[in-house]
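Okay, so here's the structure we're looking at.
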Amino acid sequence: MRKIVLVTLVAVWFGSAPSFAAPRLAPSGDVSVPGDQTLVVTLPDGVSLTLEPGTRGRWLPRSKLPSETNTWAAGYDLVLEQGELDVRMPPAPRGSHAFLVQTRAGTLTDWRGKLHVAVHDGATTAAIYEGALVVGSNGQGFPVYDGAGIVLRKGIDPDKSRAIPAAPAWDVAHGAPSFVVEPAGAHGSVGVAWTPVPGAASYRVTIARDPGMTQLIDIATTTEVTYATVERAPAGQGVWAQVRAVGPEGIVGEPAPPRPLRVVHFALPDGAVLGRDGAIVLPTSDGVTLDDTRGLELAYGSASARVQVPLFWSPLSGPLRLPADGDLRVMHVRDPALGQEATMTLAKRSLRVDVEMTPRNPRPGDFIDVRAVAWDPSGRLDPAKEKISLSTTRDLDPLSAGWRQAGATWSTRLRAPVSPRPTVLRVSAQDAFGAEIGRAFVEISAEHD
């Protein structure tokens, strides 16, 4: 996927709470929005502005501006030198409000509704999503209304024939998942997908820590209809994604509704590991607890991919556990609000050690070669990396043995004792939890005069 990452960090202008209202202060002076922030401003007359990262301009004094009823309305005037802003006019009778944006290519006087203005490399584009606007360029003004896409260039009459790209629709069946269940400390891939928008030349994806999309994490531009990022939200904090289509002239469409990117973590119980197939291998009956179960549902599935069983969903509460009489359980966890699910597999440890002692019927004084090979019937564990201990006894007494390890194989040589009574040599293998996972023995007959 080709993408241009524009923003990588996040900072907050007006507090960290998603519902925090921007103060209604009379603006003045220069405007310079850092490249890793958005600036949300609510003017004293109720007009709301969202200035995108990297936007530069300056405020002019509040003044009388022409309204759509051929009267005057008090409004604010912003000189936009570079960057982009969204304008939202509050509901009011016609002629109540006006807001003026000046650019090198011309002026735009907004009366009502909502619009997006972008200034890049001397060209100005505007998308009138809803409302009415007067576009001024080359000394002339032109009224435009709902659904107008405009391109302005200095000294040229505005082109009002351009289309505004539609807001993308989320596609929950493709792309990186928006709902992920992963171990604590992991940073997997999480993302979104959307349906193609006719006429779109690219898409702008925003990732933020709040549904108002002001506490930015990433902004990226892509020509694909999917976007994935590495999950890195602190525990207990949410992440949201938003996407807008951009036309070939730079006209920006309305954004899709913010979509949560939900990552749920779990801590592995003591001694548990992730198997080669991603299954959680449990040494004991301890369960696996998710750190956030709000609204989640659980269903049990089949351990065989060839067997399709209907899923019966119920609210998820408490730890996930293996059945008392089972070695494997497949669990489906879903977030109904996102329409996506994740699969978790719990398995019981099945590590084994095959111990071979040759010869099987040694005589007193013979050498006995011992070979112990660790293996996992499920294939989930790497026996060479498991902690395995081997013990040797003569009857009930410990017997020293110099074990040599090569991968998952241990070997040693013992000598059959010479004794006036029968003797048994035993070799036992234990796992890291003290459970016996393999054994073997030989009997040595008594020495006779």
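The values are calculated or read from the model by the stated rules, or taken from the named source; none is laboratory data. Worth saying up front: this structure is predicted, and the values here are computed from it rather than measured. No Cβ is skipped: glycine too gets one built from the backbone with ideal geometry, and neighbour counts run over all protein chains shown. The area values use the complete protein model at the heavy-atom level, side chains included, leaving out ligands, DNA and RNA. Shrake-Rupley method; radii C 1.70, N 1.55, O 1.52, S 1.80 Å.
Just to verify a number: FRET efficiency for Ala169 and Gln237, C-beta to C-beta distance, R0 = 25 Å, to 0.05?
Values: r = 27 Å, r/R0 = 1.07.
The calculated FRET efficiency here is 0.40.
What are the ³J(HN,Hα) couplings of the stretch 360-367, residue after residue, when phi is run through the Karplus curve with 6.51, -1.76, 1.60 and θ = phi - 60°? Round to Hz, x for glycine and proline.
6, 10, x, 9, x, x, 6, 7
Could you order peptides 191-198, 244-251, 335-342 by the average number of other Cβ atoms within 10 Å of their residues, highest first?
Working: 191-198: 18.2, 244-251: 19.8, 335-342: 15.2.
Listed from highest to lowest mean packing, they are 244-251, 191-198, 335-342.
Just to verify a number: FRET efficiency for Glu81 and Ala184, C-beta to C-beta distance, R0 = 51 Å, to 0.05?
On the way: r = 46 Å, r/R0 = 0.91.
The value I calculate is 0.65.
Give, in nm to one decimal, the length gained when the segment between Asp382 and Ser411 is fully stretched (0.36 nm per residue of separation minus the Cα-Cα distance).
Details: separation 29, 0.36 × 29 = 10.44 nm, distance 1.85 nm.
So the chain would gain 8.6 nm between Asp382 and Ser411.
If amide H atoms are built 1.01 Å from N in the plane of the peptide, which residues on other chains or at least 5 residues away come under 5 Å of the amide H of Glu130?
Answer set, sorted by chain and number: Lys114, Gly147.
Counting Lys +1, Arg +1, Asp -1, Glu -1, what net charge surrounds Val172 among other residues with beta carbon under 12 Å of its beta carbon?
Numbers: positive: Arg259, Arg334; negative: Asp171, Asp335, Glu341.
The answer is -1.
Please tell me the relative contact order of the chain in percent, rounded to the nearest whole number, where contacts are Cα pairs under 8 Å and at least six residues apart. Walk me through the intermediate numbers first.
On the way: 1165 pairs, mean separation 41.2, N = 449.
The value is 9 percent.
With point charges of +1 on the Cβ of Lys and Arg and -1 on the Cβ of Asp and Glu, referenced to the Cα centre of the stretch 211-279, which listed residue (Trp240, Ala228, Ile251) lies farthest in the positive direction of the dipole?
Working it through, the farthest residue towards the positive pole turns out to be Trp240.
Can you list the lysines whose alpha carbon is less than 18 Å from that of Lys387, not counting same-chain residues fewer than 8 positions off?
Partners within reach: Lys348.
State to the nearest 20 debye the size of the charge dipole of the stretch 323-449 about its Cα centre, where the only charges are +1 on K and R beta carbons and -1 on D and E beta carbons.
Working: 18 positive and 18 negative charges, 39 e Å.
Rounded to the nearest 20 debye, it is 180 debye.
Taking 0.36 nm per residue of separation and subtracting the Cα-Cα distance, what length does fully extending Arg94 through Arg58 add?
Details: separation 36, 0.36 × 36 = 12.96 nm, distance 2.74 nm.
Answer, rounded to one decimal: 10.2 nm.
Given a 1.4 angstrom probe, I'd like the percentage of the accessible area of the chain that is carbon and sulfur, rounded to a whole number.
Values: 11570 of 22140 Å².
It is 52 percent, rounded to a whole number.
If the reach is capped at under 26 angstrom between alpha carbons, list the lysines near Lys114, excluding any in the same chain fewer than eight residues apart.
Lys64, Lys154, Lys160
Compute the length gained on full extension between Thr71 and Thr221: take 0.36 nm times their separation in residues and subtract their Cα-Cα distance, giving the result in nm to one decimal. Walk me through the intermediate numbers first.
Working: separation 150, 0.36 × 150 = 54.00 nm, distance 4.18 nm.
Length gained between Thr71 and Thr221: 49.8 nm.
Quickly work out the Ala201-to-Ser419 label distance, labels modelled 7 Å from Cα along the C-beta direction, and quote it in nm with one decimal.
9.0
How high is the FRET efficiency from His332 to Leu274, r the C-beta distance, R0 30 Å, rounded to 0.05? Could the numbers behind the result be given before it?
On the way: r = 18 Å, r/R0 = 0.61.
Taking R0 as 30 Å, the efficiency between His332 and Leu274 is 0.95.
Amide H of Ser202 versus every other amide H placed in the peptide plane: which residues, excluding those fewer than 5 positions away on the same chain, fall under 5 Å?
Residues meeting the amide H criterion: Val246.
Let me check I've understood the local charge: for Ser137, count other residues with C-beta under 13 angstrom from its C-beta, Lys and Arg +1, Asp and Glu -1. What total comes out?
Its environment carries a net charge of +2.
How far apart, in nanometres, would the label points at Thr343 and Ser314 be if each is projected 7 angstrom from Cα along the Cα-to-Cβ direction?
Placing both labels 7 Å along Cα→Cβ, they lie 2.2 nm apart.
Once you compute Rg and the Kirkwood Rh from C-alpha atoms, what is the Rg to Rh ratio for the stretch 62-219?
Working: Rg = 19.1 Å, Rh = 17.9 Å.
Computed over Cα atoms, the ratio is 1.07.
Skip the ligands, DNA and RNA, and give the accessible area per residue of the chain with a 1.4 Å probe, whole Å². Intermediate values should be presented prior to the final figure.
Numbers: 22140 Å² over 449 residues.
For the chain, the solvent-accessible area averages 49 Å² per residue.
Quickly work out the Ser391-to-Asp354 label distance, labels modelled 7 Å from Cα along the C-beta direction, and quote it in nm with one decimal.
Here the answer is 2.5 nm between the modelled labels.
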